[in-house]
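Q: The structure under discussion is supplied below as structure tokens; questions concerning it will follow.
The values are calculated or read from the model by the stated rules, or taken from the named source; none is laboratory data. Since this is a predicted model, take the numbers as computed values, not measurements. Every residue, glycine among them, receives a Cβ derived from its backbone with ideal geometry; neighbour counts consider all protein chains shown. Surface accessibility is based on the protein's heavy atoms, side chains included, excluding ligands, DNA and RNA. Shrake-Rupley method; radii C 1.70, N 1.55, O 1.52, S 1.80 Å.
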Amino acid sequence: MKIKIKNYWPLIKSLQTALLLITGIAGYMSVRCPVLNLQVIISLSGSLFLAISGSTVLNMWYDRDIDARMERTCLRPLPTGQVSPKQALSLGLLLSIVGVGWALLLDPLFGLVVFAGLFIDVVIYTIWLKRVTAWSIVWGGISGGMPVLAGRALALGYIDWIGVALSLAVLFWIPTHILTFNMRYHQDYKAAGVPTFPSRYGFDATRKIIALSSILAVLLMGSVVLGVGISGGFLHLFGIVSFILVMLAVTMMTRPSTNGNFGLFKYASMYMLGAMVILIFNSL
């Protein structure tokens with residue numbers, strides 16, 4: 001059993017799943033105090049974890065041929081045969097169905113947004129567009145913004161501008177992740193035949209897109225912070241970390257470099273996590 005879990009666990013990309021789960025919790029807690037809604041928080045977390053994990057496993061199942069041709073991913077469970085395609089497909093479908101079903105039972109609107117995120121990620125991004133156009137990352141970003149939108153919609157009972165802004169902030173954060181890896185493993189993607197921004201538009205243009213998207217993410221998160229009424233120490237902290245990210249992005253636009261790009265990527269990831277944590281702690 002331990003061997004089985006060890007083989008299956010990498011299929012859900014636990015760090016990525018955890019970050020998206022935190023955004024969903026932050027979306028909910030930007031409206032409601034979790035102490036008074038503990039049962040809902042548990043159901044939200046469980047359903048989101050299963051749905052996000054399910055979509056990730058399905059993506060890994062569909063992209064197993066690409067992973068086998070890339071040095072960075074060739075040791076994943078599917079390319080190495082540790083998990084069979086049939087086992088991965090069954091697991092992905094099970095997690096997805098249970099996760100979306102649980103979300104729908106919790107709240108129809110919440111479940112619909114969760115399903116939309118899964119459908120966009122698996123069907124539109126991975127199956128339809130990823131092997132066709134570099135612009136597929138836009139749809140990957142949209143799907144990544146669904147958990148935080150779902151969490152806020154669950155708390156409110158409807159979709160508001162703050163939820164949309166949170167979703168867009170995640171959308172504009174995602175290029176710092178995907179495009180950085182596109183450049184860092186350019187030859188891998190080329191060998192796998194996956195179109196990327198670096199191969200289509202060049203490295204300099206890609207770095208500028210990363211920097212611009214980071215600034216847009218900061219502006220959107222800033223509107224959210226003001227919209228939910230964060231003040232005092234949390235507002236000051238947010239202002240400081242936002243200023244640092246903007247300065248890193250401006251530096252990337254004026255003096256682009258590989259090391260600077262990777263530094264921006266790492267800080268942007270911590271920034272998004274920190275912004276969501278601020279939303280969470282502000283509600284306590």
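Q: Farthest toward the dipole's positive end in segment 138-284, which of GLY140, GLY233, ILE209, given Cβ charges of +1 (Lys, Arg) and -1 (Asp, Glu) about the Cα centre?
A: ILE209
Q: For Rg/Rh (Cα atoms, Kirkwood Rh), several values are listed as (i) 0.97; (ii) 1.13; (iii) 1.01; flag the one computed from this structure.
A: Read-out taken from this structure: (i).
Q: Something else now. Choose one of GLY46, ASN7, LEU36: the residue whose Cα lies farthest towards the positive end of the charge dipole of segment 1-83 (beta-carbon charges +1 Lys, Arg; -1 Asp, Glu; about the Cα centre).
A: Going by the charge dipole, the pick is ASN7.
Q: Could you work out, for segment 1-155, what percent of all Cα-Cα pairs fall into each 5 Å distance bin, beginning at 0 Å and stopping at the bin that holds the largest distance?
A: 2, 10, 18, 21, 19, 14, 9, 5, 2, 0
Q: Let me ask something additional. What is the gain in length, in nm to one decimal, between VAL277 and LYS6 on full extension, counting 0.36 nm per residue of separation less the C-alpha to C-alpha distance?
A: 94.6 nm
Q: To the nearest 10 square angstrom, how much accessible area does ILE66 have with a 1.4 angstrom probe?
A: Using a 1.4 Å probe on the heavy atoms, I get roughly 10 Å².
Q: Tell me, what are the semi-axes, in whole angstrom and largest first, of the equivalent ellipsoid of segment 197-238 as set by the roots of 5 times the Cα gyration tensor eigenvalues?
A: For segment 197-238, the ellipsoid semi-axes come out as 32, 9, 5 Å.
Q: Further question on the same structure: Size of the dipole of segment 3-69 about the Cα centre, Lys and Arg at +1 and Asp and Glu at -1 on the beta carbon, nothing else charged, in debye to 20?
A: 140
Q: Leaving out ligands, DNA and RNA but keeping every protein chain, what accessible area does TRP135 have, in Å² rounded to the nearest 10, with a 1.4 Å probe?
A: 130
Q: Calculate one ³J(HN,Hα) per residue across segment 17-28 by plugging θ = phi - 60° into the Karplus curve 6.51 cos²θ - 1.76 cosθ + 1.60, and present them in order as whole Hz with x for glycine and proline.
A: Working through the residues one at a time gives 4, 5, 5, 5, 5, 4, 5, x, 5, 5, x, 5 Hz.
Q: Then there's this: Can you tell me the relative contact order of segment 137-212? Whole percent, Cα pairs under 8 Å, sequence separation 6 or more.
A: 27
Q: Continuing with the same structure: Karplus couplings for segment 90-107 from phi (6.51 cos²θ - 1.76 cosθ + 1.60, θ = phi - 60°), rounded to Hz, Gly and Pro as x?
A: Karplus-based 3J(HN,Hα) across segment 90-107 equals 4, 5, x, 5, 4, 4, 5, 5, 5, x, 5, x, 4, 4, 5, 5, 5, 6 Hz.
Q: Placing one identical point scatterer on every Cα of segment 99-159 and ignoring solvent, what is log10 I(q)/I(0) from the Debye formula at q = 0.14, 0.17, 0.27 Å⁻¹?
A: -0.40, -0.55, -0.98
Q: Under 12 Å from a point 7 Å along the Cα-to-Cβ line of LEU15: which residues of segment 261-281 have their amide N that close?
A: 266-267, 269-270
Q: A further question on this structure: Run through segment 208-259 and list the chymotrypsin sites (Phe, Trp or Tyr not before Pro) located in a DSSP loop whose Cβ has at most 10 other Cβ atoms within 10 Å.
A: none
Q: Quote to one decimal, in nm, the extra length available between ASN259 and ILE127 on full extension: 0.36 nm per residue of separation minus the C-alpha distance between them.
A: Separation in residues times 0.36 nm, less the Cα-Cα distance, equals 44.3 nm.
Q: Which whole-Hz couplings ³J(HN,Hα) result when phi for each residue of segment 252-262 is put into the Karplus expression 6.51 cos²θ - 1.76 cosθ + 1.60, θ = phi - 60°, listed in order with x for Gly and Pro?
A: Going residue by residue, I get 5, 6, 8, 9, x, 7, 5, 5, x, 4, 5 Hz, with x marking Gly and Pro.
Q: Would you list ARG76, ARG69, ARG131, ARG152 from the most to the least accessible area, probe 1.4 Å?
A: Order by accessible area, largest first: ARG69, ARG131, ARG76, ARG152.
Q: Here's something else I'd like to know. Using a 1.4 angstrom probe on the protein heavy atoms only, line up VAL132, VAL194 by accessible area, largest first.
A: Ranked from most to least accessible, the order is VAL132, VAL194.
Q: Follow-up question, since we're still on this one. Rounded, prolate or oblate: which fits segment 115-248 when a ≥ b ≥ c are the square roots of the eigenvalues of the alpha-carbon gyration tensor, with rounded for a/c under 1.5 and prolate only if a/b beats b/c?
A: In terms of gyration-tensor shape, oblate.
Q: Describe numerically, in nm with one decimal, the distance between label points set 7 Å from Cα along Cα→Cβ at HIS186 and at VAL164.
A: 3.8
Q: Can you give the Rg and Dmax of segment 170-273 based on its C-alpha atoms, in angstrom?
A: Both quantities, over Cα of segment 170-273: 14.8, 51 Å.
Q: Now for a separate question. Going by accessible area, probe 1.4 Å, with all protein chains left in place, what is the ranking of VAL164, VAL113, largest first?
A: I get VAL164, VAL113, largest accessible area first.
Q: Carbon-plus-sulfur fraction of the accessible area of the chain, 1.4 Å probe, in percent?
A: 70
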